[in-house]
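The values are calculated or read from the model by the stated rules, or taken from the named source; none is laboratory data. Source: prediction; values computed, not measured. Quick reminder, even Gly has a Cβ in these numbers, built from the backbone with ideal geometry, and neighbours come from all protein chains shown. Note: accessible area is taken over every heavy atom of the protein model, side chains too, but ligands, DNA and RNA are not part of it. Shrake-Rupley method; radii C 1.70, N 1.55, O 1.52, S 1.80 Å.
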Amino acid sequence: MNADKEKWVLLIVLSIIWGSSFILIKKSLEHFNPFQVGSLRVLIAGIILLPVAISNYKLFPRKHLKWLILAAFTGNFIPMFLFPIAETEVSSSIAGIINSMMPIFVIIVGALVWKFETTKKQIIGTLISFTGVCILAFGGGDSGELKMIPILLLLLATLCYALSTTTVKSKLMEVSSTVLSAFVFSFVLLLPSILALTGTGFFSEFSFSKDNLMGLMFVSLLSVFGTGLAMMMNYRLLKVSSPLFASTVTLVMPIVAIIWGIIDGEKLTYLQFAGAGIIIAGLIFLRTNPKK
């Protein structure tokens, strides 16, 4: 498969996997608290990928350790907690919509940190999408209440993803996507996830009840597919495309997230639909005739 075709296949598959992650987070929260969901998500991925990390330890990028740590915590640790915390207040559909802001943050972080070129069209697209976010935040939910704090948490998580994506593209492309994922989850994040989970009282309170086992099933699906496998595919996508192209996976993700939300009985207000449409319109505008 040539690189151009591969990047589109990866983009579509990633959109489906990550778009489904928000409903899995919601289902996991029915059984565990947000901190347990985040810790378990990282821990399970770290355990599964540990054999890969150990067998390839000689490839560990010691000279780029600081960048590996930065990419790991911003892309695969901090957001794992921010999304569950936010989803205790907003729907999985809105979480998916807000995550579509990632291309905007990629442009901002790329320009400020890595000196990527920024065009006037990208700036205009960013402003259009930001307007959509404001409408979405003030659009209310079923209760009509303002959900500003969870919206800000979701935006912070998306900013973290953008920082991780641009860091990987700029500093860590010499490591294969599978091995890089293994290093991130096993060598860097395995211990922090154990400590975080211990701090929640999970190990002292856990019992093999039907409720807990159901929760573990949802978190395991989220971890294996939405975290471990998805990050391997994302790192591969970064190898065969640009950070901005890779980030546009978030254009399709909201559609998948909204479909799952509707199936699960979620509802959006007309104003929130308008905000979501403006976000996506801005993203499409900034992606028109992009530079490769």
Fill in: Relative contact order (%) - criterion: Cα under 8 Å, at least six apart; region: region 41-164
42 percent
Item to complete: Under a cut-off of 18 Å between alpha-carbon atoms, report the aspartates and glutamates in cross-link reach of LYS27, not counting same-chain residues fewer than 8 places apart.
Response: GLU87, GLU89, ASP211, ASP264, GLU266
Worksheet item: For the chain, what are the DSSP H helices with axial Cα length of 24 Å or more and mean Kyte-Doolittle hydropathy of at least 1.0?
Response: 34-55, 120-138, 148-171, 270-287
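Rounded to the nearest 500, what is the chain's calculated 222 nm mean residue ellipticity when only DSSP H runs of at least 4 contribute -39500 (n - 2.57) each, over all residues?
Taking each H run of at least 4 residues, the total per residue is -23500 deg cm²/dmol.
With a 1.4 Å probe and all protein chains left in place, how much of the accessible area of region 159-277 comes from carbon and sulfur atoms, in whole percent?
Its accessible area is 71 percent carbon and sulfur atoms.
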Worksheet entry | Carbon and sulfur %, accessible surface of region 24-152 computed with the full protein complex present, 1.4 Å | 70 percent
Worksheet item: LYS7: which lysines have alpha carbons under 27 Å from its alpha carbon, excluding same-chain residues fewer than 8 sequence positions away?
Response: LYS115, LYS120, LYS121, LYS169, LYS171, LYS239, LYS291, LYS292
Worksheet entry | Over 19 Å [Cα-Cα, region 161-292], rounded percent | 66 percent
Worksheet item: Which of the lysines could a cross-linker bridge to LYS147, judged by Cα under 16 Å and excluding same-chain residues fewer than eight apart?
Response: LYS267
Fill in: Relative contact order for the chain, counting Cα pairs under 8 Å that sit 6 or more residues apart, in percent
42 percent
Item to complete: Given the peptides 89-97, 182-190, arrange them by the average over their residues of other C-beta atoms within 10 Å, most packed first.
Response: 89-97, 182-190
Discussion item. Rounded to the nearest angstrom and ordered from largest down, what semi-axes does the equivalent ellipsoid of region 180-244 get from its C-alpha gyration tensor (root of 5λ)?
Written reply: 30, 15, 8
Discussion item. So for each of 161-167, 268-274, 251-257 I average, over its residues, the number of other beta carbons within 10 Å; can you give me the resulting order with the highest mean first?
Written reply: 161-167, 251-257, 268-274
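Could you order peptides 227-237, 54-64 by the average number of other Cβ atoms within 10 Å of their residues, highest first? Let's see the in-between values first.
Details: 227-237: 23.0, 54-64: 12.0.
So the order, starting with the most tightly packed, is 227-237, 54-64.
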Worksheet item: At PHE208 and PHE130, where each label point lies 7 Å from the Cα along Cα→Cβ, what is the point-to-point distance in nanometres?
Response: 5.4 nm
Fill in: Accessible area (Å², per residue) of the chain, counting only protein heavy atoms and a probe of 1.4 Å
44 Å²
Practice prompt. Mind jotting down the distance between the C-alpha centroids of region 221-292 and region 60-126, whole Å?
Written response: 12 Å
